[in-house]
Amino acid sequence: MKTWLEEVKLTGDTVSLVPLSSDHRDALVEASSDGRLWELWFTGAPSAETVDSYIESALADKVRGVALPFVVFENRTGRIIGSTRYCHAEPEHRRLEIGYTWYAQRFQRTTVNTECKQLLLTHAFETLRTVAVEFRTHWHNEASRRAIARLGAKQDGVLRNHRIEPDGAYRDTVVFSIIEHEWPTVKKSLAFKLARLRERANGG
């Protein structure tokens, strides 16, 4: 079952998701420098100081069969603009989480996140045959919570004191999910939202 998350490239109209490798180190730091994303205390984008451990941890989870990390390429320029991954996978239960997502500041509030989630969810439900896809975010990351809800995910609950942060602060984690029978409706909704976003981007 450890081969459930096999390497795959997912290609959309404006972005492509390519399996993460150590060769992406410098490009990831360049992308996260747009907005100095590592300074956001409720997210986990890498800096020049942390990128090596960031990649090492992601690839270790991949070897264990519980994660498949991606870098996000902008198709037009061929540049890396962020990262995302399947994580906390449970092959025996056909469940996984989509997380560790971040984008360079100039690509936030564009079509990028919606298209990335469309690619990941389509592969999860239609190829991996998952029964549930989960999303988790920090209680204080209100932008992330709104973005997850807009995808069509439903809030399952809040895990109080779920994690202890490096500085000793307690993290409350908000859990959302999309389950198998909801996917056809979510898929239509995502296609509609993405079309509208593209119209606006093109001045329509």
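Any read-out appearing in this document is the output of simple, stated calculations on the displayed coordinates, not a laboratory observation. The structure presented is a predicted model; accordingly, all values stated were derived computationally and were not measured.
Annotations
- Rounded to whole Hz, the Karplus (6.51, -1.76, 1.60) HN-Hα couplings of segment 195-200, x for glycine and proline: 4, 5, 4, 5, 4, 5
- Normalised contact order of the chain, rounded percent, pairs of Cα under 8 Å and 6 or more residues apart: 18 percent
- Fully extending the segment from Glu7 to Thr127 would add 42.0 nm, taking 0.36 nm per residue of separation and subtracting the current Cα-Cα distance.
- Couplings for segment 111-116, taken from phi via the Karplus curve 6.51 cos²θ - 1.76 cosθ + 1.60 with θ = phi - 60°, read 6, 4, 5, 4, 5, 4 Hz in order; Gly and Pro are left as x.
- Taking N as its residue count, the alpha carbon Rg of segment 110-158 over 2.2 N^0.38 Å: 1.20
- Over the Cα atoms of segment 10-199, the radius of gyration divided by the Kirkwood radius equals 0.94; this is the Rg/Rh ratio.
- Eligible lysines near Lys154 by straight Cα distance, threshold 24 Å, same-chain separation 8 or greater: Lys117, Lys187, Lys188, Lys193
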